[in-house]
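Asker: Have a look at the structure that comes next, please.
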Amino acid sequence: MKKNLSYIPAVLAAMTLALASCSDDFFETSSKTTLNGETAYSNAATAEMALVGCYDGWRRTLGDEGIGMYLTSEIASDECFAGGGVGDARNYSIIDRFDMGAAAGYYNLWQTDWKNYYAAIFRCNELIANDSQIDWAGDEVNHARIMGEAFGLRALLYFDLVRLFGAVPLVTVPTEDNLPRTDAKEVFAQIFEDLKFAAANIPASSYNGGNLDATDGRFSKYAAEALIARAYLFYTGYYGEEPTTCTKQEAIDAVNDVIDNGGYALEENFADLWMPACTQPNGSEYEWITTYAGKYYNADGWHGGQNGISKEFILNINCNTTQDYNGRSGGNVVQVFLGARNSACPPFATGWGICVPNPRFVEQFSNPRMQHSVVNYLNIGFEAQSNFSNCLNDTYEYTGYGIKKYAPLCFEDGTREAAAFELGEKHMNITYYINMTIIRYADVLLMHSELTESAKGLNLVQSRAGKSTTAYSQDALRTERAQELAFEGIRYWDLLRYGKGGSYAAEQIAKMQSGVSVKNGGVEATTSFDAANLTSKKGLFQIPSNEISLSGNVLVQNEGW
């Protein structure tokens, strides 16, 4: 049986869009403006263009109109409450509480995400399936790199899906067939095989800690190895068993290679990893005073850090100001979700008030890293401003904090940077360019300590934070991960893997999110969390009901939803 499922895209359309920016002599083909079935996979240049389409597909999982991995991770964790507007539907509270009763009728929360992920997987599968018909002209190094990146991206996409939904359809060839869900054990087996292929085939010299300015956002050998360790730790923790296609020693060897040969290093100053944490407007001028070690725009154009892109970034989703409402993607639209509602407090621009930091989580870690990770609105005078009531009266679950690491930015007069610099659409909903960091070197060091039960990596991260070093212990490791990686979309998956089937996550979130004082439209309230809501669902999320219907009920819903 075949059906035109919503998650099957037209990959050639995306590749045609990508071609629009290429010069006429970029490659020889019978068509200089479009790719067709005869030309799409004809030579290395067209294969590279197809790979660009794969990256575009991955980026759309962040930039299109779904909830996305980051927002889901943050709202579901003990770090954040859902927030939003007082008059908004409580659909994000479903994620926060694992309770459909928060907003009955929202049975398709992740439908756009489901489509985006399978669209991106389809693009990877198309490129992989057409490998044999591409004329590589004897360039086996380039051949291996391109295919390695395609396999690596597919693995990352499936790793997101399997963490979100558990068993999902495992599609490794271009197809429109309706497929049932594949046991998570098999999906992880494919993830590890794809990551090993990527690590073995992407040349170490292509993208590494010494070669980031021109390659930021590319999937490297070392990104594949870091993900091997991350996937291994998640699988063994959440499922309570060893995966079939990766051993603990292979995970250790993978992080050892990143540490020994990747050329990565911890950034000296933690704040420099996050543009909102180390950036101020330059008086009345539209110019930043910043020490940001990533990609940013200033009055004189684009910059890659003060001394080049930081060697701490191992894998970023590379964002830009190209997003519009006519099909082009590229922006980091997560940023607008994180701004305070209705009121700017320079350098922090207004936004939608989603993902409100939990004060109980923040205040247990009183140290410089947390000050660089969250905005304390009281400390910066926001609550004393005359227009603060516009924010307070329209915010659900206001706590006095906002996420700083990816906050939207503005100048002293409230003008957003996109409008000040005439960037892209200049639209408050979509024109954001800060890269979304997926893997940092600090995370690799902490994974190394966890896998080897040694203090070396843990101590390096502690020392950078100005903390006294400690002997290795599980508690020390988990505390360090919570502080170092706060509000980076990692915490929830850590909580899930700390206890089989989500048992630890349910207990921890209930402890952290029950009885916290918040304000709903300025009115005092307290939060609640029922651990049974999470355990009944094993910490997994709702498969979109429309996708179940479109599949002719070949797909089945997750337990508890």
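The values are calculated or read from the model by the stated rules, or taken from the named source; none is laboratory data. What you see is a predicted model; the values in this text were computed from it and never measured. For neighbour counting, all protein chains shown are included, and Cβ atoms are generated from backbone atoms with ideal geometry for every residue, glycine included. Calculation scope for accessible area: heavy atoms of the full protein, side chains included, ligands and nucleic acids excluded. Shrake-Rupley method; radii C 1.70, N 1.55, O 1.52, S 1.80 Å.
Asker: Stretch Asn282-Thr470 to full length: gain in nm at 0.36 nm per residue minus the Cα-Cα span?
Answerer: Stretched fully, the Asn282-Thr470 segment lengthens by 63.6 nm.
Asker: Related question: Can you tell me the relative contact order of the range 315-457? Whole percent, Cα pairs under 8 Å, sequence separation 6 or more.
Answerer: Reported as a whole number, the value is 36 percent.
Asker: Please give the solvent-accessible surface of His143 in Å², to the nearest 10, using a probe radius of 1.4 Å with every protein chain present.
Answerer: 30
Asker: Please work out how much accessible surface Tyr297 shows to a 1.4 Å probe, ignoring ligands, DNA and RNA, in Å² rounded to 10.
Answerer: Accessible area of Tyr297: about 40 Å².
Asker: May I pose another question? Within the set of other residues whose C-beta is less than 14 Å from the C-beta of Asn298, count the net charge using Lys and Arg as +1 and Asp and Glu as -1.
Answerer: Neighbourhood net charge equals -4.
Asker: On to the next question. What helices in the chain pass both tests, a Cα length along the helix axis of 24 Å or more and a mean Kyte hydropathy of -0.5 or higher, using whole DSSP H runs?
Answerer: 44-63, 111-129, 140-165, 184-201, 221-239
Asker: Something else: Specify whether the C-alpha gyration tensor of the range 311-435 places it in the rounded, prolate or oblate class, a ≥ b ≥ c being the square roots of the eigenvalues: rounded for a/c under 1.5, otherwise prolate if a/b is larger than b/c and oblate if not.
Answerer: oblate
Asker: Next question. For the chain, what is the accessible area per residue in Å², given a 1.4 Å probe and the full set of protein chains?
Answerer: I get 36 Å² per residue for this part.
Asker: Among DSSP bridges having both ends in the range 300-434, what percentage is antiparallel? Round to the nearest 5.
Answerer: Counting only bridges with both partners in the range 300-434, antiparallel ones make up about 75 percent.
Asker: For the range 132-234, just say rounded, prolate or oblate: build the C-alpha gyration tensor, square-root its eigenvalues into a ≥ b ≥ c, call rounded for a/c under 1.5, and beyond that prolate if a/b exceeds b/c, oblate if not.
Answerer: Here the range 132-234 falls in the oblate category.
Asker: Can I ask one more? How many angstrom separate the Cα center of the range 421-463 from the Cα center of the range 499-561?
Answerer: Result: 26 Å between the Cα centres.
Asker: Then there's this: Multiply the residue separation of Ser528 and Thr215 by 0.36 nm, subtract the distance between their alpha-carbon atoms, and state the gained length in nm to one decimal.
Answerer: 108.2 nm
Asker: Then there is this: Between Ala129 and Asp183, take the C-beta separation as r, use R0 = 22 Å, and let me know the FRET efficiency to the nearest 0.05.
Answerer: So, using R0 = 22 Å, E works out to roughly 0.40.
Asker: Sticking with this one: Through the Karplus equation 6.51 cos²θ - 1.76 cosθ + 1.60, θ set to phi - 60°, convert the phi angles of the range 346-360 into ³J(HN,Hα) values in whole Hz; use x for Gly and Pro.
Answerer: In residue order, the calculated couplings are x, x, 9, 7, 5, x, 10, x, 8, 6, 8, x, 7, x, 5 Hz.
Asker: On to the next question. Taking the Cβ of Ile543 as the center, what net charge do the other residues with Cβ under 12 Å away carry, scoring Lys and Arg +1 and Asp and Glu -1?
Answerer: Within the 12 Å Cβ shell, the charges total -1.
Asker: Next up: How big is the gap, in Å, between the Cα center of the range 362-413 and the Cα center of the range 145-169?
Answerer: 35
Asker: In the set [x] 101, 59, 49; [y] 66, 53, 50; [z] 86, 64, 49, which value of Cα extents along the principal axes in Å was calculated from the structure you see?
Answerer: The calculated read-out lines up with [y].
Asker: Can you list the lysines whose alpha carbon sits under 17 Å from that of Lys467, skipping same-chain ones fewer than 8 residues off?
Answerer: Those lysines meeting the cut-off are Lys456.
Asker: Related question: Decide, for the range 48-178, between rounded, prolate and oblate: order the square roots of the alpha carbon gyration tensor eigenvalues as a ≥ b ≥ c, take rounded if a/c falls under 1.5, and otherwise choose prolate if a/b is larger than b/c, else oblate.
Answerer: In terms of gyration-tensor shape, prolate.
Asker: Using the Karplus curve 6.51 cos²θ - 1.76 cosθ + 1.60 with θ = phi - 60°, work out ³J(HN,Hα) for each residue of the range 208-217 in order, rounded to whole Hz, and write x for Gly and Pro.
Answerer: Going residue by residue, I get 7, x, x, 9, 9, 4, 9, 10, 4, x Hz, with x marking Gly and Pro.
Asker: Work out the FRET efficiency for Thr291 and Leu378 from their Cβ-Cβ distance, taking R0 = 30 Å, and round it to the nearest 0.05.
Answerer: 0.75
Asker: If Lys and Arg each add +1 and Asp and Glu each add -1, what is the summed charge of the other residues whose beta carbon sits under 11 Å from the beta carbon of Ala525?
Answerer: -1
Asker: Pull up the cross-link candidates among the lysines for Lys538, meaning alpha carbon to alpha carbon under 18 Å and not fewer than 8 places away within one chain.
Answerer: Straight-distance partners of Lys538: Lys185, Lys500, Lys511.
Asker: Starting from the 7 Å offset along Cα-to-Cβ, what nm value, one decimal, do you get for the label separation of Trp561 and Gln385?
Answerer: Reported label-point gap for Trp561 and Gln385 is 3.8 nm.
Asker: Collect residues whose amide H, placed 1.01 Å from N in the peptide plane, falls under 5 Å from the amide H of Gly499; neighbours closer than 5 in sequence don't count.
Answerer: Counting only residues 5 or more places away or on other chains, the set is Tyr504, Ala505.
Asker: Give the long-range amide H neighbours of Val518: residues separated by 5 or more places, or on another chain, with amide H under 5 Å away, using H modelled in the peptide plane at 1.01 Å from N.
Answerer: The list, which skips near neighbours in sequence, is Ala525, Thr526, Thr527.
Asker: Sticking with this structure for a sec: Run the accessible area of the range 263-379 with a 1.4 Å probe and give the carbon-and-sulfur part as a rounded percent.
Answerer: Here it works out to 44 percent.
Asker: Something else: Dipole of the range 385-540 (Lys/Arg Cβ +1, Asp/Glu Cβ -1, origin at the Cα centre): which of Gly400, Tyr441, Tyr472 lies farthest to the positive side?
Answerer: Projecting each Cα onto the dipole axis, the largest value belongs to Tyr472.
Asker: Placing unit charges on C-beta atoms (Lys and Arg positive, Asp and Glu negative, everything else neutral), compute the dipole magnitude of the chain about its Cα centre in debye, rounded to 20.
Answerer: In debye, rounded to 20, the chain gives about 1120.
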